[in-house]
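Okay, so here's the structure we're looking at.
The values are calculated or read from the model by the stated rules, or taken from the named source; none is laboratory data. Values in this document were obtained by computation on a predicted structure and should not be read as measured data. Note: ideal-geometry Cβ built from the backbone for every residue, glycine included; neighbour counts use all protein chains shown. Keep in mind that these areas ignore ligands, DNA and RNA; they rest on the heavy atoms of the full protein, side chains included. Shrake-Rupley method; radii C 1.70, N 1.55, O 1.52, S 1.80 Å.
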Amino acid sequence: MKQLKRVIFTVFCFSFMTTVQANDFDIVGLKLGMSFEEVEKTLLDYGAKPESIQQQHQFFHYHDGAELHKTETFLHSVTAGKDVMGEKGRDQDSFIVNFSPPPEQSRVVAITRMVTTRNNPTTVGQYMAALNDKYGEPQTIGSRLVWWFPEGKQSCYSATNLVMSPDIDQIMKSIFLSSGNRYFLDRFQNTKLTSIDDCAGYLVYEMGMLQPDAPANRVTATMIDAPTWVKANLKSMEWVEQLQTEATEARLAGSSKPTL
């Protein structure tokens, strides 16, 4: 049974092959698989304030048995937004874009958009009609509208559970069975899965109760390429484990023999 230890990473402030073809899905032009430069241009073209585009970085740390080491920092996410003041308050449109970790090439694996409209909001019915026109007919899970991609893939998760937070640790725990600090990479929460390659990416819209005449004051869109993010995370865990092994071997090779 294949197992892999979890590697803990530390937030410094505050990857890329893709197995999912998601070209038909975007959030105001933002797509999975984009580079930082493509994300930045898309956000600016959409009207995000240049000063709002902020990068958040992280690093991995590992121990050689005596000292703590850390990798170079890498891009973890980008935040951005724009807002307009109206008679009834400020309308806000904000984004969080997550990127895959090293050693894979840095590419978008998750996009979250949060829209708050206080002035003349679109109705839920109008929003749903626009979504159907753009993405096609969704699956309804509770009050969530869900699109899976590519065709033929299935949910990474058991039952109707969905991981909405762009958090790779939560995604890993929700896909694989685990014990202590180990994942069992051939055992899945969704028993229909036989491989992570069977997993689908997904786009989810949330706007409260799906009452057509209700105002869509708060809308959240989340798009996650779960299988690609998981694969990149597994590679990063193996990479850091190798760095730890090499650092430990180097320390032991350089240690002096005791005088007896």
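Just checking, which of 186, 213 is at negative phi and modelled with pLDDT of 95 or more?
None of the other options fit; the residue is 213.
Condition first: among the β-branched types (Val, Ile, Thr) and within 30 Å of residue 105 (Cβ to Cβ). Now tell me which residues in the range 226-260 satisfy that.
Answer for the range 226-260, where residues must be among the β-branched types (Val, Ile, Thr) and within 30 Å of residue 105 (Cβ to Cβ): 228, 230, 240, 245, 248.
Give me the pairs, please: first residue somewhere in the range 119-136 and hydrophobic (A, V, I, L, M, F, W, C), second residue anywhere and surrounded by fewer than 11 Cβ atoms within 10 Å (Cβ to Cβ), beta-carbon distance under 9 Å, and either six or more positions apart or on two chains.
That search, which allows pairs on different chains as well, returns 124/209; 124/213.
Residues that are surrounded by fewer than 20 Cβ atoms within 10 Å (Cβ to Cβ) and polar (S, T, N, Q): list the strands (runs of 3 or more DSSP E) wholly contained in the range 68-126 that include at least 1 such residues.
74-86, 89-99, 108-116
Exactly one condition in (1) open to solvent by 40 Å² or more (accessible area, probe 1.4 Å); (2) under 30 Å from residue 234 (Cβ atoms) is not met by residue 41; state its number.
Result: residue 41 fails condition (2) only.
Which of the residues belonging to the range 206-225 are outside any strand (DSSP E or B) and within 30 Å of residue 107 (Cβ to Cβ)?
Once the filter is applied, which keeps residues that are outside any strand (DSSP E or B) and within 30 Å of residue 107 (Cβ to Cβ), the range 206-225 yields 207, 225.
What single numbered condition from (1) part of a strand (DSSP E or B); (2) open to solvent by 20 Å² or more (accessible area, probe 1.4 Å) fails to hold for residue 173?
Failed condition: (1).
Residue under question is residue 81, and the condition is that it be modelled with pLDDT under 95 and small (Gly, Ala, Ser); does it hold?
In short, no.
Pick from 248, 194, 259: which is of a type outside the set (D, E, K, R), touching a Gly at 6+ places or on another chain (Cβ under 8 Å) and more than 18 Å from residue 115 (Cβ to Cβ)?
248
Quick test of your reading of the structure: residue 231 fulfils all but one of (1) at pLDDT 95 or above; (2) in contact with an Asp or Glu (Cβ under 7 Å, 6 or more places away or on another chain); (3) closer than 30 Å to residue 64 by Cβ. Name the failing condition by number.
(2)
Which pairs do you get when a residue that is basic (Lys, Arg), found in the range 240-251, comes within reach of a residue that is open to solvent by 70 Å² or more (accessible area, probe 1.4 Å), reach meaning Cβ atoms under 9 angstrom, with the pair 6+ apart or on two chains?
251/67
Residues 161, 190: which one is open to solvent by less than 70 Å² (accessible area, probe 1.4 Å), in a loop (DSSP other than H, G, I, E, B) and not small (Gly, Ala, Ser)?
The match here is 190.
Only one of 223, 209 is in contact with a Ser or Thr (Cβ under 9 Å, 6 or more places away or on another chain), open to solvent by 10 Å² or more (accessible area, probe 1.4 Å) and under 16 Å from residue 140 (Cα atoms); which?
209
Which is small (Gly, Ala, Ser), open to solvent by less than 60 Å² (accessible area, probe 1.4 Å) and out of contact with any Cys (no Cβ under 6 Å at 6 or more places or on another chain), of 236, 179?
Matching residue, one of 236, 179: 236.
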